[in-house]
Amino acid sequence: MQLTKTGSAVWQRRSRDFARRFRKVDRSFHNFHSPTLTDDAIMQVLISESEIHAGIARLGKRIHAAAQGQPLLVVGIMTGSVVFLADLIRRLEMPVRVGLVQASSYRGATTTGAELHLNAAWLPDVAGQDVLLLDDIFDTGRTLSAVVDLVKQGNPRCLQTAVLLRKTGRQQVTYEPDHSCFEIPDHFVVGYGLDYNDEYRHLPYIATLEPHDLPSRTVEGKRYDFRN
Ligand code: 5GP
Ligand code: MG
């Protein structure tokens with residue numbers, strides 16, 4: 001899987017290839033008990049551990065070449081980007097500092113819209129810095145676009161963005177990430193930092209989670225759905 005820029009024809013073809021070669025894994029293989037999966041749930045691996053590592057290595061090389069040895073402030077959007085961030089920074093050879101921004105969408109029980117909350121308490125001073133902003137997935141794009149606006153207010157010298165995954169057909173903003181590792185079809189995915197109800201972030205691969213994998217649940221008065 002080559003690293004490709006947003007929107008290329010090659011990328012779209014690869015996205016279709018992904019859909020064709022979903023691999024199934026029986027969750028018992030991973031030997032964990034999940035209270036949010038039905039007993040016969042079988043998650044399908046969309047991107048394997050080795051594919052992810054190869055994609056991140058290519059991204060690291062590309063970022064390293066573009067930075068020309070300049071120090072980089074890598075800012076991860078919490079919580080989904082933490083695994084991506086941890087692996088990517090170990091591929092970078094220039095001086096690197098790390099910062100975090102928390103983004104969460106609150107969805108009330110009776111509303112359909114999700115309100116985005118940003119917490120910049122762990123964002124270091126970005127003034128005059130070369131900043132690389134990371135998120136796990138570009139879905140509607142609202143989160144990344146809002147965090148870009150927030151970081152720009154701090155006057156960085158330059159700002160680039162990278163996402164591990166980019167979903168096709170759901171974008172609601174004009175902002176385009178500078179780098180993406182993988183394009184995926186419109187499925188809800190978990191693993192490698194991405195969660196469902198705060199679970200599955202630790203899976204070393206990206207897997208799809210389908211409605212039939214989940215028992216219908218209401219927890220503490222809130223109905224959990226796939227967009228949180
Ligand atoms: P956006 O603002 O681009 O719609 O969504 C970005 C955020 O929504 C991501 O950082 C992630 O937290 C969440 N999200 C979007 N799609 C998925 C998905 O397929 N799986 C998971 N686990 N989270 C997702
Ligand atoms: Mg997120």
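The values are calculated or read from the model by the stated rules, or taken from the named source; none is laboratory data. Remember, predicted model here, so these are calculated numbers, not experimental data. Please note: Cβ atoms are built from the backbone with ideal geometry, for glycine as well, and neighbour counts cover all protein chains shown. For the accessible areas, the whole protein counts, side chains as well, though only heavy atoms, and no ligand, DNA or RNA atoms are used. Shrake-Rupley method; radii C 1.70, N 1.55, O 1.52, S 1.80 Å.
Structure values in brief
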item: Close pairs (6 angstrom Cβ cut-off, 6 or more residues apart or separate chains): over 12 Å from Gly76 (Cα atoms) and open to solvent by 20 Å² or more (accessible area, probe 1.4 Å) in region 131-144, away from ligand 2 (no atom under 12 Å from the Cβ) and assigned to a strand (DSSP E or B) anywhere; result: Asp139/Lys167
item: Members of region 114-155 that are part of a strand (DSSP E or B) and away from ligand 2 (no atom under 15 Å from the Cβ); result: Asp130, Val131, Leu132
item: Qualifying residue in region 98-106 (condition: touching a helix residue (DSSP H, G or I) at 6+ places or on another chain (Cβ under 6 Å) and either crowded, with 22+ Cβ neighbours inside 10 Å or on the phi > 0 side of the Ramachandran plot (or both)); result: yes
item: Cβ pairs under 6 Å, 6+ apart, first in region 160-179 and open to solvent by 40 Å² or more (accessible area, probe 1.4 Å), second among the hydrophobic types (A, V, I, L, M, F, W, C); result: Gln160/Leu132
item: Selection within region 185-195 - in contact with a strand residue (DSSP E or B) (Cβ under 8 Å, 6 or more places away or on another chain) and either on the phi > 0 side of the Ramachandran plot or near ligand 1 (Cβ under 8 Å from one of its atoms) (or both); result: His187, Phe188, Val189, Val190, Gly191, Tyr192, Gly193, Leu194
item: Failed item in (1) closer than 16 Å to Gly80 by Cβ; (2) within 8 Å of ligand 1 (Cβ to nearest atom), with Gln172 passing the rest; result: (1)
item: Single unsatisfied condition, Val190 versus (1) assigned to a strand (DSSP E or B); (2) in contact (Cβ under 8 Å) with a residue 40 or more places away in the chain; (3) open to solvent by 30 Å² or more (accessible area, probe 1.4 Å); (4) hydrophobic (A, V, I, L, M, F, W, C); result: (3)
item: Failed item, numbered, when Thr168 is tested on (1) away from ligand 2 (no atom under 16 Å from the Cβ); (2) closer than 30 Å to Pro71 by Cβ; result: (2)
item: Test for Arg62: is it at pLDDT 95 or above, open to solvent by 40 Å² or more (accessible area, probe 1.4 Å) and among the charged types (D, E, K, R); result: no
